[in-house]
Amino acid sequence: MDPNNHMLPSPKNIVIATRRSRPGWLILWIIAVAFVVAKPTDVAAALPAADQTATLAGYIRNTVTGAGLAGANVYFVDSQVGTATNIDGYFVFPAVPAGEYILEISYLGYRSLRTDIALEPGKTYRLNFELTPQTISLDSVVVLGQRIDQQTRNRVSQAQLGTHQLQSVPPIGEADLMRSLQTLPGVLSTSEYSSGLVIRGGNTDQNLILLDGITLYNPSHLFGLFSNFILDAVKEAELSKGGFNAEYGDRLSAVLNVRSRQGNQKHFDARGTVSLLAGQTTIEGPIGNGAWLLAFRRTYFDQIFKGTAAYFPYYFYDIQGHLFQDLTENDRLTISWYQGRDYLSFDDSNLSASWGNRAFSFNFQKLESSRLISNWKVAASWFDTRFNLGGISKELIADNWINDQFSMGVFSGNNSVNAIEDVTLGPNFTYFASQTGQVRFGAELKRYQLHHENKYLNRKVFDVDQTPWEFSAYCQWKQWLGRRLMVEPGLRMAYYDNHPDKWFADPRLQVKLLLTTDRYLNTAVGVYHQFLETAQDDFNPSLLSQWFAVDSTINPASAVHYIIGYEEYLGGRYRIQVEGYYKQLRNMLTFVEQRITAEGAQPSQRMADIFDIADGYAYGMEVFLQREYGRLTGWLAYSFSVARKRMVETEYYANWDRTHALNLVTAYHPSQRWEFSLNWTYQTGQPFTPVLGYYIETLPDTPDIVYRSIPGGRNSLRYPSYHRLDLGVTRHMDFMAFRMDAFVQAVNVYMQDNIFRQYYLFGSTTNQIDDDSDGEIDEPDEGIPHLESISTFPLLVSIGVSIEI
């Protein structure tokens, strides 16, 4: 995509970092040197001439389903030269010396394949292979071929989880992606009632979350038990906790790239799961020269508990689909879509709420040649929240947290609407330049529409509409310098039309050094910018985030990452990873309520008039020990971290700061029929702002009163430490002609009383109610505020079955 075709202004003032600090210039110089050093002239000179080599390419697929196998190892046995397949199962050897070879293809959980091939000079060969799944002995160790993928990928701050690892965490009703990721080092949640990810000191809005290339906003459901992703429809999830390359932009902290299963191309298949909380069905099968997959999930405790004391008027649903068609041997069209929504309604208080995501994408992939792959994408994503509140009760008004949510626009009196639309299009290209070099480049055009409208007592107090455009282009080069050193410099340029600086440069660099065949050093540095943010509330937990676009009155949020790590594979069973990081954060939107209710409408739509701006930093160390194969699998994850914010010459801990976090996840398979899982977690208590006192605010035209808090130092105290044990048992069996799993899961087994939030409850000496629960009514001390705590989940037990046709 040529930026001149869109008549963009020339990049006269390119912003690399903030005006106060420009470490990005140093990174840019390092990357420029890396580009010069990485010129493959010396390596190319050592290779045979082009007329003496051949090109070998093809796909590795699953015999049963026809799906491409990502990360399969393809190598020449005698020379030990190899490569790993990409996400679609594609591999290529751009320049192989002519001759006769033994080619081996291997993949964990599949029967390896060997074949003799003869390559003639100057020719291109297209060979596709299918591997047959096989049951692996629980005590077996599979090492052969796995080192190729380990050595050729820079895994700095990366975690790649397939469905097997995701299902190792004891679930509630079904395995969940976000809950599994929260057991990794450096990954936390804002609270137990949210599945949003806090990664290395960054807020939840600083994570780029993709489903088949579609950006999703707030992909979580209430209470944090479920994320939006249906795991039966997921092929794999790759999380980059920092230092991610130039292909990704517009986020400061992390990238979660979720890829759907493409469906069974060979035969129809179906799977269903029923538990106490939810029901879920996945169906798939062939269609034309391709396959389709459709997954659906709905909670139903709003139905089964109706009319009982346990009734809670809430439910959600998710629909996730995927379809592809191979138009020719070299052309594939893929369609992905998602829709999910939450509904909450209390008739007695006239409170109703709904929120959700809708998204779809069209992707056309073309194999231009054996060395060049192009992907053309058109995608759209919508997210909105809608709250309506009429006839609010005095009890709700007396709750200071509920009242503060009004100010943030979460409830906002009568109604609140927050909507975002994201339309994206652009191409991406991968060019296999040589056996030691690969180039990825592409461009992207985004159009945003954001709408915020809040009414209080039928008066509009907040109304903001924003329609910014964003264009970006990137290039990254992966190059081996000899056999031990791999460098991957990259540069991303972004144009944002709603800011006077317009152009922003994000240089990135990743380096991998092979100490031995099983020991590696990884490092990464990079600059990142973000143009859409949510407003952080330092005093109160928010139920849902409100998205805003940067305008001319504030600078985009920015970050600089510095990461270094050590990685080692021990004896084919164990993997250990140790990393340290430092992250600078600038220009984060922070909400500070400065109006009183009687002031009416927000006087301005300028972001600088609505929000305060905070800077910050985060640093830490992480240790990850994983046992990948055998009867006992799992991981031990520890992280030491600090996340601080600065605002108006005041420095304080961020809401999500946890000094220490420890997770133990294990899965034990005593036989092919039984599986036992365990997850124990410990975290330092969450910082909170203590309350020094209260004052009374009288609402206009009503006798009701509102208690406003007088806060102490920002996040100057901490709640007690958090810890919890979850257990799960699964029995695999055959039922008639079906495969069936019966499971039992328990969350918070020893019923730890973890604190979600503390607040003060105001009673009365004249309401004829025992406000302090001491058996006496309207005592003199009942008018004194009482400190109360909201706890997280008690012991939760779920049972269910899963049946696969």
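The values are calculated or read from the model by the stated rules, or taken from the named source; none is laboratory data. No experiment lies behind these values; they were computed from the predicted model shown. FYI the Cβ positions are ideal-geometry reconstructions off the backbone, even for glycines, and counts take in every protein chain you see. For the accessible areas, the whole protein counts, side chains as well, though only heavy atoms, and no ligand, DNA or RNA atoms are used. Shrake-Rupley method; radii C 1.70, N 1.55, O 1.52, S 1.80 Å.
For every residue, the table says whether it meets (1) modelled with pLDDT under 90; (2) within 23 Å of Gly272 (Cβ to Cβ); (3) over 24 Å from the mean Cα position of the chain (by Cα); (4) surrounded by 15 or more Cβ atoms within 10 Å (Cβ to Cβ).
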residue	(1), (2), (3), (4)
Tyr682	no, no, no, yes
Gln686	yes, no, no, yes
Glu697	yes, no, yes, no
Thr702	yes, no, yes, no
Just to be sure I understand the filter: pairs with C-beta atoms under 8 Å, separated by 6 or more residues or on different chains, first member in segment 716-744 and more than 18 Å from Tyr668 (Cβ to Cβ), second member in a strand (DSSP E or B) and among the polar types (S, T, N, Q). Which pairs pass?
Tyr719/Gln758; Ser721/Gln683; Tyr722/Thr681; Tyr722/Gln683; His723/Thr681; His723/Gln683; Arg724/Thr681; Met740/Ser802
Being touching a residue at least 60 places away in the same chain (Cβ under 8 Å) and more than 30 Å from Tyr520 (Cβ to Cβ) is the filter here; which residues of segment 469-499 pass it?
Glu470, Phe471, Ser472, Ala473, Met493, Ala494, Tyr495, Tyr496
Candidate set from segment 359-414 (those that are among the hydroxyl-bearing types (Ser, Thr, Tyr) and out of contact with any strand residue (DSSP E or B) (no Cβ under 7 Å at 6 or more places or on another chain)); member that is modelled with the highest pLDDT
Ser369
The lone condition Gly490 fails out of (1) open to solvent by 40 Å² or more (accessible area, probe 1.4 Å); (2) out of contact with any Gly (no Cβ under 7 Å at 6 or more places or on another chain); (3) not basic (Lys, Arg) is (1)
Step by step: first the residues of segment 284-299, then only those that are under 25 Å from the mean Cα position of the chain (by Cα), open to solvent by 10 Å² or more (accessible area, probe 1.4 Å) and of a type in the set (A, V, I, L, M, F, W, C), then the one that is farthest from Phe364 (Cα to Cα). Which residue is that?
Phe296
For segment 50-74, give me each residue that is of a type outside the set (Gly, Ala, Ser) and touching a helix residue (DSSP H, G or I) at 6+ places or on another chain (Cβ under 6 Å).
Asn73
Determine whether Ala667 is farther than 30 Å from Ser798 by Cβ, hydrophobic (A, V, I, L, M, F, W, C), buried (at least 16 other Cβ atoms within 10 Å of the Cβ) and at pLDDT 85 or above.
no
Checking the conditions here, which among Gly272, Gly213, Gly279, Gly242 is of a type outside the set (A, V, I, L, M, F, W, C) and open to solvent by less than 10 Å² (accessible area, probe 1.4 Å)?
Gly242
Considering only strands (runs of 3 or more DSSP E) fully contained in segment 604-659, which possess at least 2 residues that are over 19 Å from Val198 (Cα atoms) and either open to solvent by 70 Å² or more (accessible area, probe 1.4 Å) or touching a strand residue (DSSP E or B) at 6+ places or on another chain (Cβ under 7 Å) (or both)?
612-627, 632-647
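Each row is one residue, and each column tells you yes or no for (1) of a type in the set (Ser, Thr, Tyr); (2) open to solvent by 20 Å² or more (accessible area, probe 1.4 Å); (3) on the phi > 0 side of the Ramachandran plot; (4) modelled with pLDDT of 70 or more.
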site: Ile148; (1), (2), (3), (4): no, yes, no, no
site: Val156; (1), (2), (3), (4): no, no, no, yes
site: Gln160; (1), (2), (3), (4): no, yes, no, yes
site: Thr163; (1), (2), (3), (4): yes, yes, no, no
site: Pro170; (1), (2), (3), (4): no, no, no, no
Using beta carbons and a limit of 6 Å, which pairs, at least six apart or on different chains, have the first residue in segment 322-338 and outside any strand (DSSP E or B) and the second one open to solvent by less than 50 Å² (accessible area, probe 1.4 Å)?
Asn330/Leu367
Gln182 vs (1) open to solvent by less than 10 Å² (accessible area, probe 1.4 Å); (2) touching a Leu at 6+ places or on another chain (Cβ under 9 Å); (3) modelled with pLDDT under 90: all pass except (1)
Filtering segment 189-210 down to residues that are of a type in the set (Ser, Thr, Tyr) and modelled with pLDDT under 80, which residue is surrounded by the most Cβ atoms within 10 Å (Cβ to Cβ)?
Ser195
Give Gln466, Gln449 a once-over and let me know the one that is open to solvent by less than 30 Å² (accessible area, probe 1.4 Å), under 15 Å from Asn498 (Cβ atoms) and in contact (Cβ under 8 Å) with a residue 24 or more places away in the chain.
Gln466
Residues of segment 554-576 satisfying the condition of being small (Gly, Ala, Ser) and open to solvent by 30 Å² or more (accessible area, probe 1.4 Å)
Gly571
For segment 48-62, indicate whether the set of residues that are closer than 29 Å to Glu628 by Cβ, at pLDDT 75 or above, in a loop (DSSP other than H, G, I, E, B) and within 39 Å of the chain's Cα centre (by Cα) is non-empty.
no
Output the residues belonging to segment 83-102 that are among the hydrophobic types (A, V, I, L, M, F, W, C), closer than 28 Å to Thr65 by Cβ and surrounded by fewer than 19 Cβ atoms within 10 Å (Cβ to Cβ).
Ile87, Ile102
Select, from Gly288, Gly242, the only residue that is modelled with pLDDT of 90 or more and out of contact with any Gly (no Cβ under 9 Å at 6 or more places or on another chain).
Gly288
Can you give me the number of residues within segment 521-551 that are within 19 Å of the chain's Cα centre (by Cα), modelled with pLDDT of 85 or more and outside any strand (DSSP E or B)?
1
Return yes or no: is Arg298 charged (D, E, K, R) and over 16 Å from Asp318 (Cα atoms)?
no
Taking segment 451-510 as the region of interest, how many residues are of a type in the set (A, V, I, L, M, F, W, C) and under 25 Å from Asp422 (Cβ atoms)?
12
Residues in segment 344-362 that are within 25 Å of Leu210 (Cα to Cα), in contact (Cβ under 8 Å) with a residue 40 or more places away in the chain and open to solvent by 40 Å² or more (accessible area, probe 1.4 Å): how many?
1
Just one of Thr523, Thr516 is open to solvent by 20 Å² or more (accessible area, probe 1.4 Å) and free of Cβ contacts under 8 Å to residues at least 24 places away in the same chain; which is it?
Thr516
